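The values are calculated or read from the model by the stated rules, or taken from the named source; none is laboratory data. Bear in mind that the values here come from a model prediction, so they are computed numbers and not experimental data. Please note: Cβ atoms are built from the backbone with ideal geometry, for glycine as well, and neighbour counts cover all protein chains shown.
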Amino acid sequence: MADLTTNFLGITTPNPFWLASAPPTDKEYNVRRAFEAGWGGVVWKTLGEEGPPVVNVNGPRYGAMYGADRRLLALNNIELITDRPLQTNLEEIARVKADYPDRAIIVSIMVPCDERSWKAILPRVAETGADGIELNFGCPHGMSERGMGAAVGQVPEYIEMVTRWCKENYDKPVIVKLTPNITDIRYPARAAHNGGADAVSLINTVNSITSVNLDDFSPEPSIDGKGSHGGMCGPAVKPMALNMVAEIARDPECKGLPISGIGGVTTWRDAAEFMSLGAGNVQVCTAAMTYGFKVVQEMISGLSDWMDKKGYTDTSEIVGRAVPNVTDWQYLNLNYVSKAVIDQDLCIKCGRCYAACEDTSHQAILMKEGRVFEVDDSECVACNLCVNVCPVEDCITMERMAAGETDPRTGKVVSDEYANWTTHPNNPGACAAE
């Protein structure tokens, strides 16, 4: 059976599944139950500085986006960092860590962007025996309006500065949590790396308004007729998260920087995808909030079964395997030619493929007598839209044309030689270079 034991930053846990800093990790009661359910680690909900705790709204805190079957695709969260006293949190962290030495406890921190504030809280966190800290530079609402969270995470110079302060005043791993609300994720990641961060975690939540109440015309969740943008999390943000993780993993200036992957992890497959793109472990929030702590048991068994089938014995064998296959568009093989093929035995004659292709300008699917749908290879550009809209799995597949065959659409013989845009005759740059 595959060994899911994971070593991340020298912290060994029984599996790569950690709970992210969020409502499920806000108190001792929750974290103990999470560990009993099987989670390998937690990032304690973000702590603020000593003094009166932050004040959360006393009304709805979540907006939602649903799929057609009312499956939750995303949550829009306007909750702030912990509203419990700092000392209470610290005492609970110490107790839980003492009772669960084999599980990771990382403490998320957010204090004002001045050295004094960071120096004040770090020794107190160190006393708990926690395994490390995570700097919350991602929260996009409420706290960012006070100059913290994403307000820091959107300025690489601030990221590097605060990271250095923490590395100088704390002797365990420092993870920097990055905001996705930025043009190019590589710049904040580089800043964290330059500041000495032991790892980065991403993504934090995405700025969003998930819906508007059309009776009182206020964004939801609505507080006394008013709404605010919040941070969106859940399956809907996974594609953005995967891309940003991959961008950091293949960036030469971030070479060797460990990554904790966050963003819509709901199943073992999601975790495997994040890890294949360079994440050493994953953090989960929305899935636990939607399905409960025991969802991790399905993640553990699913990942273990898949690794067994693939012959992997250790999670480290997965990490980064897909990174060499992530490239820029200009390097994609333009001599690769494929065509859509419809399995008539599986086809239910719904016509979705026909409608999508007909109205997306390719007109490569023909509807014949008896609602039989066939692909016209002379028009098929291999866009695979038909595959994506078909409700029957594997009914439509893309099949590569063999070298030496003639593409009926272009009239050109398919070549098995690799060629990309940098050498293509239609590329003005390539022509000028010649």
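Taken over segment 210-251, residues that are more than 21 Å from CYS139 (Cβ to Cβ) and in contact with a helix residue (DSSP H, G or I) (Cβ under 7 Å, 6 or more places away or on another chain) amount to 6.
I need a count of the residues in segment 211-269 that are β-branched (Val, Ile, Thr) and more than 23 Å from the chain's Cα centre (by Cα).
Counting residues in segment 211-269 that are β-branched (Val, Ile, Thr) and more than 23 Å from the chain's Cα centre (by Cα) gives 2.
Which of the residues belonging to segment 31-73 are surrounded by fewer than 23 Cβ atoms within 10 Å (Cβ to Cβ), over 19 Å from VAL125 (Cβ atoms) and among the small types (Gly, Ala, Ser)? Passing the criteria: ALA37, GLY38, GLY59, ALA64, GLY67, ALA68.
Please state which one of THR163, THR128 is in contact with a Lys or Arg (Cβ under 9 Å, 6 or more places away or on another chain), buried (at least 17 other Cβ atoms within 10 Å of the Cβ) and β-branched (Val, Ile, Thr).
On inspection, the qualifying residue turns out to be THR128.
When we screen GLU36, GLU49 for residues that are touching a helix residue (DSSP H, G or I) at 6+ places or on another chain (Cβ under 7 Å) and acidic (Asp, Glu), the only hit is GLU49. From the set of residues in segment 110-123 that are touching a helix residue (DSSP H, G or I) at 6+ places or on another chain (Cβ under 6 Å) and modelled with pLDDT of 95 or more, which is nearest to GLY40 (Cα to Cα)? Across segment 110-123, the extreme among qualifying residues is LEU122.
Going through (1) among the small types (Gly, Ala, Ser); (2) surrounded by 21 or more Cβ atoms within 10 Å (Cβ to Cβ); (3) farther than 24 Å from ALA241 by Cβ one by one, SER117 falls short only on (2). Under the condition of being in contact with a strand residue (DSSP E or B) (Cβ under 6 Å, 6 or more places away or on another chain) and surrounded by fewer than 24 Cβ atoms within 10 Å (Cβ to Cβ), the residues counted in segment 176-196 number 1.
Being modelled with pLDDT of 95 or more and not in a helix (DSSP H, G or I): is that true of THR210 here? So THR210 does not fit the description; no.
Determine whether segment 228-241 contains at least one residue that is assigned to a helix (DSSP H, G or I), assigned by TED's automatic domain parsing to the domain that holds MET65, of a type outside the set (S, T, N, Q) and within 22 Å of VAL174 (Cα to Cα). There is at least one residue in segment 228-241 that is assigned to a helix (DSSP H, G or I), assigned by TED's automatic domain parsing to the domain that holds MET65, of a type outside the set (S, T, N, Q) and within 22 Å of VAL174 (Cα to Cα).
Every residue, every condition in (1) in a loop (DSSP other than H, G, I, E, B); (2) hydrophobic (A, V, I, L, M, F, W, C); (3) within 26 Å of ASN56 (Cβ to Cβ), yes or no:
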{"residue": "PRO112", "(1), (2), (3)": "yes, no, yes"}
{"residue": "TRP118", "(1), (2), (3)": "no, yes, yes"}
{"residue": "LEU122", "(1), (2), (3)": "no, yes, yes"}
{"residue": "LEU135", "(1), (2), (3)": "no, yes, yes"}
{"residue": "CYS139", "(1), (2), (3)": "yes, yes, yes"}
{"residue": "GLU160", "(1), (2), (3)": "no, no, no"}
{"residue": "THR163", "(1), (2), (3)": "no, no, no"}
{"residue": "LYS167", "(1), (2), (3)": "no, no, no"}
{"residue": "ASP171", "(1), (2), (3)": "yes, no, no"}
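When you look at GLY63, is it farther than 19 Å from THR286 by Cα, touching a residue at least 60 places away in the same chain (Cβ under 8 Å) and touching a strand residue (DSSP E or B) at 6+ places or on another chain (Cβ under 9 Å), yes or no? Considered against the rule, which asks whether it is farther than 19 Å from THR286 by Cα, touching a residue at least 60 places away in the same chain (Cβ under 8 Å) and touching a strand residue (DSSP E or B) at 6+ places or on another chain (Cβ under 9 Å), GLY63 comes out as no.
When residues in segment 185-205 are screened for being touching a residue at least 40 places away in the same chain (Cβ under 8 Å) and either in a loop (DSSP other than H, G, I, E, B) or closer than 21 Å to GLU115 by Cβ (or both), 9 of them pass.
Residues in segment 309-343 that are surrounded by 13 or more Cβ atoms within 10 Å (Cβ to Cβ), in contact (Cβ under 8 Å) with a residue 40 or more places away in the chain and closer than 30 Å to THR13 by Cβ: TYR312, ASP314, THR315, SER316, ILE318, VAL319, GLY320, ARG321, ALA322, VAL323, VAL326.
Just one of the listed residues (TRP44, TRP18, TRP39) is closer than 13 Å to GLN283 by Cβ, assigned to a loop (DSSP other than H, G, I, E, B) and aromatic (Phe, Trp, Tyr), and it is TRP39. Of the listed requirements (1) touching an Asp or Glu at 6+ places or on another chain (Cβ under 7 Å); (2) assigned to a helix (DSSP H, G or I); (3) at pLDDT below 95, VAL96 misses just one: (3).
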